[in-house]
Amino acid sequence: MFKPFFAFVGCRYTRAKRKNHFISFISLTSMFGIALGVMVLITVLSVMNGFSKEIRTQMLSVAPHITLRAFEGNLIPWESILHKLKQVPEITGAAPYISSQGMLVEEGSIQPVFIRGIEPSKINAVYPLEKNMLEGNLNSLKSGVFGVAIGVDLAYSMGVTVGDKVNLIVPETTVTIAGVTPRLKRLKVIGIFKSGTDYDNQHIFIHLADAAKIFRIHDGITGIQIRVENELQTTKITHQLVKIFQHKYQVTDWTYEHANFFQAIKMEKTVMCLILFLIIIVAAFNLVSSLVMMVTDKRADIAIMRAMGASRKDIMGIFMVQGSIIGVVGTIMGLIFGLLLANNVTAIVEVIQNILNVKFISEDVYFGIGYLPSDIRALDVIIICMFSLVMSFLATIYPAWRAANIQPAEALRYE
């Protein structure tokens, strides 16, 4: 099989046993450094993607993918809008809601809350609130009962459980003979939910009809909650809905509603990537050092090859091939071990926790996530491997150029 001269010699130099063991050590260090950088990057990015995915799932377990509201006031009429939404292929569920703010009061404990009126029979088509119920049943949320489902953290802070009653104070007043008094309604706790997010401490759910009575909404609703087939396509679908309704309504998705939180995660991921990419860059500098020492060690060989007719491009090709082989092998090693580690990181951490009898990840801190999630994304893996290969190739340029500039007469003068 035909092999170019420089590729043949470069491969031979890579496989050859060297008299200078220090050069061999530096080459191996470069290879393992590249492998370590690729492995760590794949693992860390997979874990960060896993956390982002789990937190997104937790948030969307009590929140809609898309929300449609009127620019001012209540949404009237809403039945025709709901019917038109259900005809959009990407939408899998839609339900009306009423929202406002208030305060829950019980035995001296006062907690500000976001109030959301929903229809229990339709809400599970938008987000799986029923699956998050720790106690009670969402079907108990019936019109006229004035029941309420509250988060587990809110229930704990107020010291209430299913069957207890709490007072809801709404930001409206009532004029009586005694003067102006705040409006108050007694609610019965019919269920406690847990989502692992701030909703557990800030949100309560009541029946849509009860919310209309409490807030004196005689016609219309606050808006419509929408669920789509793929939550990662919400921005595209949001623009589609804006065009369908000809900009008559305010349409926002979860990426807008929780923009600050997910932007913070994105920034943290970017900074972490930049820091970990330095591992590969340091390994590339080690590769430069090993190739420069290799060029110095092989000066006589280079001079002989030049004297026998090898061109400067051939000499450059020899050391570029040698450095590239180290980079490719290191990248492949890092890819294999990185995928293995990222794919099994959850089980590995659990084993370590059991052996050391410690808890690295607390559910109270990480949005109810008590394990190390992992989500391997092909694009991230490709970018990491390409960066590693490019840095390895760039690291070969200077040593190869230096080797090509060796003059045969000067190199052989003292040989």
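The values are calculated or read from the model by the stated rules, or taken from the named source; none is laboratory data. Source: prediction; values computed, not measured. Positions of Cβ are generated from backbone atoms using ideal geometry, with glycine treated the same way; all protein chains shown enter the neighbour counts.
Residues that are modelled with pLDDT under 85, within 23 Å of Ile55 (Cβ to Cβ), of a type outside the set (Ser, Thr, Tyr) and touching a Lys or Arg at 6+ places or on another chain (Cβ under 8 Å) do occur in the stretch 351-359, at least one of them.
Selection within the stretch 61-112: residues that are in contact with a helix residue (DSSP H, G or I) (Cβ under 8 Å, 6 or more places away or on another chain) and in a helix (DSSP H, G or I). The member of this set that is surrounded by the most Cβ atoms within 10 Å (Cβ to Cβ) is Leu85. Does Phe337 qualify as being of a type outside the set (Lys, Arg), within 19 Å of Val44 (Cα to Cα) and either out of contact with any Phe, Trp or Tyr (no Cβ under 6 Å at 6 or more places or on another chain) or assigned to a loop (DSSP other than H, G, I, E, B) (or both)? In short, yes.
If the condition is being touching a residue at least 12 places away in the same chain (Cβ under 8 Å) and under 21 Å from Pro128 (Cα atoms), then the stretch 219-236 contributes Thr222, Gly223, Ile224, Gln225, Ile226, Arg227, Val228, Glu229, Asn230, Glu231, Gln233, Thr234.
Per-residue answers, yes or no, for (1) crowded, with 20+ Cβ neighbours inside 10 Å; (2) modelled with pLDDT of 90 or more:
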{"position": "Glu257", "(1), (2)": "no, no"}
{"position": "Met272", "(1), (2)": "no, no"}
{"position": "Ile281", "(1), (2)": "no, no"}
{"position": "Met320", "(1), (2)": "yes, no"}
{"position": "Thr331", "(1), (2)": "yes, yes"}
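Looking at Ser311, Ser290, which one is touching a helix residue (DSSP H, G or I) at 6+ places or on another chain (Cβ under 6 Å) and among the hydroxyl-bearing types (Ser, Thr, Tyr)?
Result: Ser290 is the single residue among Ser311, Ser290 that is touching a helix residue (DSSP H, G or I) at 6+ places or on another chain (Cβ under 6 Å) and among the hydroxyl-bearing types (Ser, Thr, Tyr).
Quick one: which helices (runs of 4 or more DSSP H) lie wholly within the stretch 146-225 and hold at least 3 residues that are under 24 Å from Trp78 (Cβ atoms) and at pLDDT 90 or above? Helices (runs of 4 or more DSSP H) meeting the threshold: 208-214. Counting only residues that are out of contact with any Ser or Thr (no Cβ under 9 Å at 6 or more places or on another chain) and in a helix (DSSP H, G or I), the stretch 294-316 holds 16 of them. Taking the criterion of being surrounded by fewer than 20 Cβ atoms within 10 Å (Cβ to Cβ) and either among the β-branched types (Val, Ile, Thr) or in contact (Cβ under 8 Å) with a residue 40 or more places away in the chain (or both), the residues of the stretch 381-396 that qualify are Val381, Ile382, Ile383, Cys385, Phe387, Leu389, Val390, Phe393, Leu394.
Confirm whether Asp253 is free of Cβ contacts under 8 Å to residues at least 60 places away in the same chain, among the acidic types (Asp, Glu), touching a strand residue (DSSP E or B) at 6+ places or on another chain (Cβ under 6 Å) and crowded, with 16+ Cβ neighbours inside 10 Å. The answer is no for Asp253. Of the residues screened, Ile302 is one that is over 30 Å from Gln225 (Cβ atoms) and touching a helix residue (DSSP H, G or I) at 6+ places or on another chain (Cβ under 6 Å). Somewhere in the stretch 220-231, is a residue over 19 Å from Lys86 (Cβ atoms) and out of contact with any strand residue (DSSP E or B) (no Cβ under 6 Å at 6 or more places or on another chain)? No; the residues of the stretch 220-231 include none that is over 19 Å from Lys86 (Cβ atoms) and out of contact with any strand residue (DSSP E or B) (no Cβ under 6 Å at 6 or more places or on another chain). When the stretch 371-380 is examined, which residues are found to be free of Cβ contacts under 8 Å to residues at least 40 places away in the same chain and surrounded by 14 or more Cβ atoms within 10 Å (Cβ to Cβ)? Within the stretch 371-380, Tyr371 is the sole residue that qualifies.
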